[in-house]
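Please read the structure below before turning to the comments.
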Amino acid sequence: MDSTSPQQLPGLAFGRALVDRLTKLVVGIGGIAVIAAIVLIMSYFVWVIIPMFAPASIKLLNSVELPTDKVIFTTSDDRFEILTLINADGSIEFLDTTHYKTVSSSQVLSESIKQLKPLYPLADTFAVRTITDELLFLKITHNVRFDRAERRIENKVELLFEGTALDLAGAVDFDVYRSETKLRVVALQQDGSLLLDEYQDVDDYFELEDSRTLTIESWNRNPVELSVMLGPGGRWLYEFEESSGDYRLINVASIRRFSVEDTGTFDDTDGNFVVAAPVLGRYSFLVANDQGVLDHWTLGPIAEGQGLRKIRSFVYQEPIVQIVTEHRRKGFLAIDALGTAHLGYTTSERKLAEQPMNVVPKLVNFSPRADRLIALQDGVIDVFKVSNKHPEVSWGTLWGRVAYEGYRKPVYSWQSSSADTDFEPKFSLAPLLFGSIKAAFYAMLVATPLAIMGAIYTAVFMSESMRKIVKPGIEIMAALPTVILGFLAGLWLAPIVEKNLSAIMLLLVLPPVGVLICAYLTTLLPSRITARFEGWFGALTVPVILLLSWLTLTYGESLWQFIFGTNMRMWLENQGVEYDQRNALIIGIAMGFAVIPTIFSISEDAIYGVPRHLVHGSLALGATRWQTLVRVVLLTASPGIFSAVMIGMGRAVGETMIVLMATGNTPIMDINLFQGMRTFAANIAVEMPESEVGSTHFRILFLTALVLFVITFLFNTIAEIVRQRLRARYGNL
């Protein structure tokens, strides 16, 4: 009997109501907190990503009246605090960008300058040709100094190589390439021939000596109309005729010999050649004609070897008469005949912004960071602010095929960094999406049938005592750190699979067939014998599987050799299939092992939780155990099974450590089972610590995380919709 007195009932009811209200309040607060956390995460993602799609702009900051008749080149320091003017009389002026007053000047050369070129690929060093045809090299530096806590900039100009002067007498044009230890100077002679001088082991503070010279035969063109330029790494020579747009590509990788690799013309349209300018790295050129078409030509493989080919075009209303390229990116500024400046970017094929300049300027240059634009007119210096932080990003570069420099055709590619400063970043997310789907697909291909079949057997056919051992044992597998699985898969499993590939592939066939044969043989035994092992056949099958697996691993290579006449590696090569040690097969096994506990546990609970009266009713009506399983149990448990599969899919898509350690992290789009991949999650884990905060790379990684979040959200949403429909359909059985 209940000992509660009538006087205690109101207080007890009040206490229970209070507990219910507190529980409801706590659950409500928890739910709101979860939703708020998701909203905050999404908001932060958007806050980081949105600036990447902000439009570019060019705005006039200052227009300064200064004598510019002698200025032949302009440059600045990185922070645009000092504007440097190089004059034709050999003097250099330094102006502060606050008031545009001269802070210092230097008469570096005693002779006037005839020709000046930046020393490729450096931005602060110049090759200067004087009116007496001497070639000198000078370097401009801006060093920050602190004098009693006062910050000041020390501007310095120095002649390199102890003022060594090279003789350019009789040269029509020249160009210079400088690496850490090598200097190359090419001079176009009046007879049309080219002289290439190479200096080894050069140092800024020692004289140039012991050059080696290569003479290149004359091109059948008027030398006065020819221009010459050294290409990437100083290994290539570009020579083109300004009147016709004809070009010649020469391989000078060795100073002892040369070879003409390609000849052709930039004028492949109805227009006439106007001007050409090299893009960063000099793997490619921007070429303008008088019809307003700006073509992008790149050095790369062609049918006969290496050559120049057009990969994209920009079309403008007016002819382009000047082209200025950025120092550190593939961006450019094209100025048309009306004086309008058009800002663009080659890789993304974007026309970013435009700014009227009223007249075509005498001289235009970017600052080193491309955040300022210096334009010189007669007696006026215009300084423009350029806002253009993420020009590489467009829908095409993120998800489409892109024509990159040096590639034979447009491709999907992810390559965010390189040791080469001339590198062209490749930010295609397509290979990462493909890799995520590929890894999840093969993992689910392994995990889903094993987990669901195991759950069915455990819940329906296994004895209760054995189930109490097996179910917790499989569930505890979910607690195994995935970094351990990735380590074992990459360093232990992958070499074993590579060494015994034929036997591993036969494991997919021989043990299952052997188990089915053994199962059939057990049906031939008398029922009085099989009844003793009812519910324990799973345990009896384990030795059979182990024996068959051992036999397959021991004799599988010989069996494959007998059937196909060679081992599987050679057979795959004969079929044109490449094999990578860390591949989707390894991921399918390792990540499938990680996903199995999740799918098994939820599916088994759903099947075991089917009301017993449904099962007993079906059996009472004459259905067999298999008919009851298929037509009653599985249908009733289908919402739970489907949820298990979708949760397992979400786990597979978001897995990081296993794919990081066992795939090789190659961002390729190949469905081949024996090739690797790179996934969204692994890419974020690898590259986020190396990315610069606020850079395009940094923001694209956040975009990757957002895409991964959206994919997972879609999977879960679809799973919930399907689960609710399955529950509505089969919940009343």
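The values are calculated or read from the model by the stated rules, or taken from the named source; none is laboratory data. Being a predicted model, the structure only gives us computed values, none of them experimental. Ideal geometry is used to build each Cβ from the backbone, glycine not excepted, and the neighbour counts take in all protein chains shown. Side chains included, ligands, DNA and RNA excluded: accessible areas come from the protein's heavy atoms. Shrake-Rupley method; radii C 1.70, N 1.55, O 1.52, S 1.80 Å.
Could you tell me which of the residues V108, V157 is modelled with pLDDT under 90, within 25 Å of D203 (Cβ to Cβ), surrounded by 17 or more Cβ atoms within 10 Å (Cβ to Cβ) and not polar (S, T, N, Q)? First the steps, then the outcome.
Details: V157 fails: modelled with pLDDT under 90.
Unique residue meeting the criteria: V108.
For segment 14-58, a tally of residues being open to solvent by 80 Å² or more (accessible area, probe 1.4 Å) and outside any helix (DSSP H, G or I) returns 1. The set of residues in segment 671-696 that are part of a helix (DSSP H, G or I) and either modelled with pLDDT under 90 or open to solvent by 30 Å² or more (accessible area, probe 1.4 Å) (or both) comprises I684, A685, V686, M688, P689, E690.
Among the listed residues E209, E162, identify the single one that is assigned to a helix (DSSP H, G or I), charged (D, E, K, R) and surrounded by fewer than 20 Cβ atoms within 10 Å (Cβ to Cβ). Walk me through how you get there before you give the answer.
Working: E209 fails: assigned to a helix (DSSP H, G or I).
Criteria check complete, one pass: E162.
In segment 259-276, how many residues are of a type in the set (A, V, I, L, M, F, W, C) and within 16 Å of I311 (Cβ to Cβ)?
Final tally of qualifying residues: 2.
Which condition does N358 not pass, out of (1) open to solvent by less than 40 Å² (accessible area, probe 1.4 Å); (2) modelled with pLDDT under 90; (3) more than 23 Å from S244 (Cβ to Cβ), if it passes all the others? Here N358 clears every test but (1). Looking only at residues in segment 492-503 that are free of Cβ contacts under 8 Å to residues at least 60 places away in the same chain and not small (G, A, S), the one that is least open to solvent (accessible area, probe 1.4 Å) is N500.
Counted as qualifying within segment 524-617 are the helices (runs of 4 or more DSSP H) with 3 or more residues that are open to solvent by less than 40 Å² (accessible area, probe 1.4 Å), namely 537-564, 584-608. Among the residues of segment 393-429, those identified as open to solvent by less than 50 Å² (accessible area, probe 1.4 Å), polar (S, T, N, Q) and not in a helix (DSSP H, G or I) are S394, S413, S416, S428. Residues of segment 638-670 that are part of a loop (DSSP other than H, G, I, E, B) and of a type in the set (A, V, I, L, M): I668, M669.
Can you tell me how many residues within segment 430-460 are of a type in the set (S, T, N, Q) and either buried (at least 24 other Cβ atoms within 10 Å of the Cβ) or touching a Leu at 6+ places or on another chain (Cβ under 9 Å) (or both)?
As a first pass, look at segment 430-460 and keep what is of a type in the set (S, T, N, Q): 436, 448, 458.
So of that shortlist, the ones also either buried (at least 24 other Cβ atoms within 10 Å of the Cβ) or touching a Leu at 6+ places or on another chain (Cβ under 9 Å) (or both) come out as 436.
Number of matching residues: 1.
Checked against (1) assigned to a helix (DSSP H, G or I); (2) in contact (Cβ under 8 Å) with a residue 60 or more places away in the chain; (3) not small (G, A, S), W626 passes all but a single condition, namely (2).
Give I381, I437, I456, I374 a once-over and let me know the one that is modelled with pLDDT of 90 or more, over 23 Å from N665 (Cα atoms) and in contact with a helix residue (DSSP H, G or I) (Cβ under 9 Å, 6 or more places away or on another chain).
Numbers: I381 fails: in contact with a helix residue (DSSP H, G or I) (Cβ under 9 Å, 6 or more places away or on another chain); I437 fails: over 23 Å from N665 (Cα atoms); I374 fails: in contact with a helix residue (DSSP H, G or I) (Cβ under 9 Å, 6 or more places away or on another chain).
Exactly one residue qualifies, and that residue is I456.
Identify, please: which residue in segment 373-392 is part of a loop (DSSP other than H, G, I, E, B) and not polar (S, T, N, Q) and is, among those, least open to solvent (accessible area, probe 1.4 Å)? Break it down into steps so the answer makes sense when it comes.
Residues of segment 373-392 part of a loop (DSSP other than H, G, I, E, B): 378-379, 388-392.
Add one more test, that the residue is not polar (S, T, N, Q), and what stays is 378-379, 389-392.
Working: D378: 139, G379: 28, K389: 166, H390: 16, P391: 0, E392: 28 Å².
Only one residue tops the list, namely P391.
Go through segment 350-372 and count every residue that is in a strand (DSSP E or B) and either without any contact (Cβ under 8 Å) to a residue 60 or more places away in the chain or farther than 15 Å from L60 by Cα (or both).
Initially, segment 350-372 is screened for residues in a strand (DSSP E or B), giving 350-356, 363-366, 372.
If we keep only those that are either without any contact (Cβ under 8 Å) to a residue 60 or more places away in the chain or farther than 15 Å from L60 by Cα (or both) too, we end up with 350-352, 356, 363-364, 366.
Here the count works out to 7.
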